[in-house]
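The values are calculated or read from the model by the stated rules, or taken from the named source; none is laboratory data. Values in this document were obtained by computation on a predicted structure and should not be read as measured data. Please note: Cβ atoms are built from the backbone with ideal geometry, for glycine as well, and neighbour counts cover all protein chains shown. Ligands, DNA and RNA are stripped out before the accessible areas are found, and what is left, the full protein with its side chains, is counted by its heavy atoms. Shrake-Rupley method; radii C 1.70, N 1.55, O 1.52, S 1.80 Å.
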Amino acid sequence: MKHLADVRGGVLYSVTSLAFDPKARRLFYTDNNLGWRDLMALDLDTGQQTKLLVQARIGELVFDASDRSLIGVRHEDGIASLVRVPYPYVDWQVLHRFAYGVVPTDLDVSPDGERLSGSVAEVNGDEFLRVWSLAALREGRLEQRAQFGFGQANPENFVWSSDG
């Protein structure tokens, strides 16, 4: 085991949100998680920590290897939004704002960068695994490609296989 970085304000079950760029050997994580959530980067070769975005309120991070961007969920005024943080990670853009009470979590990007999956909780308690087109999201459209309902059970930790 090796100490990498301290995380301020770890959240109850997941401590922080993590994403990894394997080519750059860069770990992205959230800090000040009980506050307004900063976006951090850690170079695994040098140990250098960099604060990329202050009080960004972005979590549920996932790395999109097709364009080196980060995708995440931003919460503000009770609304959850899918956001994109393009390389070099100095700003973010809203891809889609969900209706009040609809909350996506556990995001993953397909290896080809074409699809985004996520668990989604609806305001009535129903839970779904959904797949969206990333190209459509980048154009401002939420284009759902697939859905599987879990009733009121929480789907977690779905990831794309290496062959998509």
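Quick notes on this structure:
- Verdict on residue 136 being more than 15 Å from the chain's Cα centre (by Cα), surrounded by 13 or more Cβ atoms within 10 Å (Cβ to Cβ) and outside any strand (DSSP E or B): yes
- Pairs with Cβ under 6 Å, 6+ apart, first in segment 12-31 and at positive phi, second open to solvent by 90 Å² or more (accessible area, probe 1.4 Å) and of a type in the set (Asp, Glu): 25/45
- Options 54, 109, 103; residue that is touching a Leu at 6+ places or on another chain (Cβ under 9 Å) and touching a residue at least 24 places away in the same chain (Cβ under 8 Å): 109
- Restricted to segment 1-110, the set of strands (runs of 3 or more DSSP E) holding at least 2 residues that are open to solvent by less than 40 Å² (accessible area, probe 1.4 Å) comprises 18-21, 26-31, 38-43, 49-53, 58-64, 69-76, 79-85, 103-109.
- Of the residues making up segment 143-158, not a single one is in contact (Cβ under 8 Å) with a residue 12 or more places away in the chain and within 15 Å of residue 71 (Cα to Cα).
- Segment 116-133 - residue that is over 16 Å from the mean Cα position of the chain (by Cα) and either assigned to a loop (DSSP other than H, G, I, E, B) or without any contact (Cβ under 8 Å) to a residue 24 or more places away in the chain (or both) and, of those, nearest to residue 96 (Cα to Cα): 122
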